[in-house]
Amino acid sequence: MRTSHVIVVGAGIAGLVAAVRLAIRGIEVTVLERADGPGGKLREIRIGDAAIDSGPTVFTMRWVFERIFREAGARLSDHLTLRPLDILARHAWDDQDYLDLFADIDRSADAIGRFAGSADAREYRAFCDQAKTIYETLEETFIDAPRPTNPVTLAHRVGMANLSGLFAIKPFSTMWRALRQHFRDDRLRQLFGRYATYCGSSPYEAPATLMLVAHVEQSGVWRIEGGMFRLAKALEALGRRHGVTFRYGTEAREIIAARNSIAAVETRTGERIEADAIVVNADAAAVASGLFGQNAGNAVPPVHHAPRSLSAVTWSMVAETDGFPLAHHSVFFSGDYKAEFDDVLRHKRLPRSPTVYVCAQDRGASAGADARTAERLFFLVNAPPSGDAGNPNTAEVEQCEERTFAQLERCGLRIRRHPERTVVTTPTDFEGLFPATGGALYGQASHGWQASFRRPGCRTKIPGLYLAGGSTHPGPGIPMAALSGWLASESLMTDTALRRPSVGMAISGGISTR
């Protein structure tokens, strides 16, 4: 039986991708979103006339989106203007010294040599080689494929001929331990260990496999003209072009199944919308907790046994800066990295010595050292995922703010802040935006070698009900969320015999960087 109407619950990146892919197959698609517009975690906060990216700010793996647009008969470059970043990120410590990583490995190695010595420069090249090996081993077998159920399944996909590559991904070593083997300078361990936080995890507990993030960034980081939110709007426009119906301000209250198959969605207002299949672009914890009804909750593996990923406290503002020469992406590191993660994940409190990420949205493809009268800025520090318990409270957030901007000033960055031009977002606010998460921004933490096999796949126990988003396989981040939407739509079409031989739909190798 062919599917005639699909409901996508949630207009985050994964939901938008799933909707587009289903619509171009001639399926009637309705997207229900409780917010007033698309994007999900890809938030844009407006302060006066300024629109500030206040969610994910790093755009990588552009080939994922080129493939999506190409399949829909469009070109990504016709919808978005992408500027490659020469400086991937600028990294600073209390001594007011800083280190740039460049899109060019040779330039980065030279910079590391001047910063930490020739031995660490050589190790950086070895680190890049290993990160590339990890990525290429997992690209077609894990990242761009349905979730493997266990290590045996993954080994089977990798194949006996490439078992050396399987061992090279270092699943049983922590990221921090692997970095200690590469770098003598503790600051470099901090720098590359931070890649674990891209998955909301601690480098002291995450597997060394996450070193692959370094290769992803080395393959290109881009700035989207007009801000990251333009990506969500471009996908929405692509969906409308192919007939997708978007209903904003419409909250799904219950997913209804009849005779063990999908039947309808009931909205908060009591409206019943019939459907042949449903893709839920929400945190898997929200579905498992019964937020969409008990039937749907029972169809998803429980996630309470898995540790939540990091949350955050963020500040979106328009302000003047001087002193430190901000790049588009800058990171100001804590003086005690281990204590920072102990505070957040073990003691469930805001870090006493935070690492601060800053996105200077108006800075160009290269670093901007010029003085500015006012610019759009986004600041982020890690926080415990306990927003559903009212933690942290207002006084603790205010204290964190003092520590955060004192840390920036120690690194040489002075900011003239204006309370009326600042929006603060806490774990409690993120819990309100993304219920049943405690404010965790990346689903479950990637701690331990089994974490990747615990993350839910797109299929559920109810035929016709699928999951998509950063809390599902292959994981968090804009391109990974897009791939989860791709996999959900692919699975739906496979299960309902909607694949068309005349359309190029093979996933394997589709995001190759080679």
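The values are calculated or read from the model by the stated rules, or taken from the named source; none is laboratory data. Treat the numbers as computed from the prediction; the structure is a model and nothing was measured. Virtual Cβ from ideal backbone geometry, glycine too; neighbours counted across all protein chains shown.
Six or more apart or on different chains, Cβ under 6 Å: which pairs go from a residue in the range 259-282 that's assigned to a strand (DSSP E or B) to one that's modelled with pLDDT of 95 or more and aromatic (Phe, Trp, Tyr)? Could you list them?
279/466
Please go through (1) free of Cβ contacts under 8 Å to residues at least 40 places away in the same chain; (2) touching a helix residue (DSSP H, G or I) at 6+ places or on another chain (Cβ under 9 Å) for residue 406 and return the number of the only condition it doesn't satisfy.
Status for residue 406: all satisfied but (2).
With respect to residue 155, determine if the residue is modelled with pLDDT under 90 and in contact with a Ser or Thr (Cβ under 8 Å, 6 or more places away or on another chain).
When the stated conditions are applied, residue 155 does not pass them.
In this structure, is residue 232 crowded, with 20+ Cβ neighbours inside 10 Å and at pLDDT 95 or above? Break it down into steps so the answer makes sense when it comes.
Working: crowded, with 20+ Cβ neighbours inside 10 Å: yes; at pLDDT 95 or above: yes.
For residue 232, the condition - crowded, with 20+ Cβ neighbours inside 10 Å and at pLDDT 95 or above - is met.
Given the criterion surrounded by fewer than 18 Cβ atoms within 10 Å (Cβ to Cβ), touching a Phe, Trp or Tyr at 6+ places or on another chain (Cβ under 9 Å) and assigned by TED's automatic domain parsing to the domain that holds residue 286, identify the matching residue among 11, 19, 35, 51.
Residue meeting the stated conditions: 35.
Looking at the range 108-126, is at least one residue buried (at least 16 other Cβ atoms within 10 Å of the Cβ) and assigned to a strand (DSSP E or B)?
Scanning the range 108-126 turns up no residue that is buried (at least 16 other Cβ atoms within 10 Å of the Cβ) and assigned to a strand (DSSP E or B).
Which ones in the range 313-338 are among the polar types (S, T, N, Q) and either on the phi > 0 side of the Ramachandran plot or in a loop (DSSP other than H, G, I, E, B) (or both)?
334
Spot the failing condition for residue 227; the list is (1) part of a helix (DSSP H, G or I); (2) over 22 Å from residue 123 (Cβ atoms), and only one is missed.
Every condition holds for residue 227 apart from (1).
Got a sec? Which of 186, 144 is at pLDDT 75 or above and either acidic (Asp, Glu) or assigned by TED's automatic domain parsing to the domain that holds residue 483 (or both)? It would help to see each step written out before you state the result.
Working: 144 fails: at pLDDT 75 or above.
Exactly one residue qualifies, and that residue is 186.
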